[in-house]
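**Student:** Attaching a single structure in C-alpha cells format; questions to follow.
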Amino acid sequence: MRRLIQIVETISSKLGYGIRNRYHLLEPFIGTKAREMEWAARHNLAEGYWAGREHPVKHYLADVVFSLDFTPKTILEVGCASGPNLYLLAKKFPNTKISGVYLRHVATDRPRQN
C-alpha cells in the first residue's frame, strides 16, 4: 500500500496534480479509504484557515458589513469552512444570529474546540 501511494504521488506531482487529485487516483485501488486519507491530510488546511482569521482581508469583510446603515437580525455564510468570517462578524454584531453552512466536518470541528 505504501508503495502504491508513493507511485501515485510521483505520477501526480509530475502531472502537476494537487493533493485532492492524488487521492482520486488512488480511489480505484483502495476505495473509500482514499477519501479518508485525503481528509486526514487536509486537517492542517482547516487549522491554517482558522488561524488566518486575523488576516486583514477577513477584518475588511467584517468592517464592510458593519459599515451598513442597519444591523442585520441574521447572517448566513454559505461555504464558511472553519468560520473565521463568522467569528469576526459575531464580534461586530453580538446581538445578531450568526450561522454558517459547510459540508466537511474536518473544517467545522475546529471552532467547536474553541
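The values are calculated or read from the model by the stated rules, or taken from the named source; none is laboratory data. The shown structure was predicted, so the numbers you read here are calculated from the model rather than taken from an experiment. Please note: Cβ atoms are built from the backbone with ideal geometry, for glycine as well, and neighbour counts cover all protein chains shown.
**Student:** Look at segment 76-100 and say how many of its residues are surrounded by 15 or more Cβ atoms within 10 Å (Cβ to Cβ) and on the phi > 0 side of the Ramachandran plot.
**Tutor:** Count: 2.
**Student:** If you don't mind, another one. Considering only segment 48-70, I want to know if a residue exists there that is of a type in the set (A, V, I, L, M), assigned by TED's automatic domain parsing to the domain that holds TYR102 and outside any helix (DSSP H, G or I).
**Tutor:** Checked against the condition, which is being of a type in the set (A, V, I, L, M), assigned by TED's automatic domain parsing to the domain that holds TYR102 and outside any helix (DSSP H, G or I), segment 48-70 yields at least one hit.
**Student:** Could I ask something else about it? In segment 25-54, which residue that is loosely packed, with under 12 Cβ neighbours inside 10 Å and farther than 15 Å from MET1 by Cα is modelled with the lowest pLDDT? Step through it out loud before you land on a result.
**Tutor:** Start the filter on segment 25-54 by keeping residues that are loosely packed, with under 12 Cβ neighbours inside 10 Å, which leaves 28, 31-32, 40, 44, 48, 54.
Checking which are farther than 15 Å from MET1 by Cα leaves us with 40, 44, 48, 54.
Working: ALA40: 71, ASN44: 66, GLY48: 71, GLU54: 82.
Checked segment 25-54; the qualifying residue modelled with the lowest pLDDT is ASN44.
**Student:** If the Cβ limit is 9 Å and pairs must be 6+ apart or interchain, which residue in segment 2-29 that is within 19 Å of ALA40 (Cα to Cα) and of a type in the set (Gly, Ala, Ser) pairs with which residue that is at pLDDT below 75 and loosely packed, with under 12 Cβ neighbours inside 10 Å?
**Tutor:** SER12/GLY18
**Student:** Residue pairs, Cβ under 6 Å, 6 or more apart or interchain, first in segment 56-67 and without any contact (Cβ under 8 Å) to a residue 40 or more places away in the chain and hydrophobic (A, V, I, L, M, F, W, C), second assigned to a helix (DSSP H, G or I) and surrounded by 11 or more Cβ atoms within 10 Å (Cβ to Cβ). List them.
**Tutor:** Filtered contacts from segment 56-67: LEU61/ASN85; ALA62/LEU88; ALA62/LEU89; ALA62/LYS92; PHE66/LYS92.
**Student:** Take the residues in segment 55-82 that are in contact with a strand residue (DSSP E or B) (Cβ under 8 Å, 6 or more places away or on another chain) and under 22 Å from ASN95 (Cα atoms), then tell me which one is modelled with the lowest pLDDT.
**Tutor:** CYS80
**Student:** I need a count of the residues in segment 58-75 that are surrounded by 10 or more Cβ atoms within 10 Å (Cβ to Cβ), over 20 Å from LEU103 (Cα atoms) and not hydroxyl-bearing (Ser, Thr, Tyr). Talk me through it step by step, then tell me what you get.
**Tutor:** Within segment 58-75, the first condition is being surrounded by 10 or more Cβ atoms within 10 Å (Cβ to Cβ), and the residues that meet it are 58-63, 65-66, 71-72, 75.
Then keep just the ones that are over 20 Å from LEU103 (Cα atoms); that gives 58-63, 65-66, 71-72.
Of the ones still in play, those that are also not hydroxyl-bearing (Ser, Thr, Tyr) are 58-59, 61-63, 65-66, 72.
Number satisfying all stated conditions: 8.
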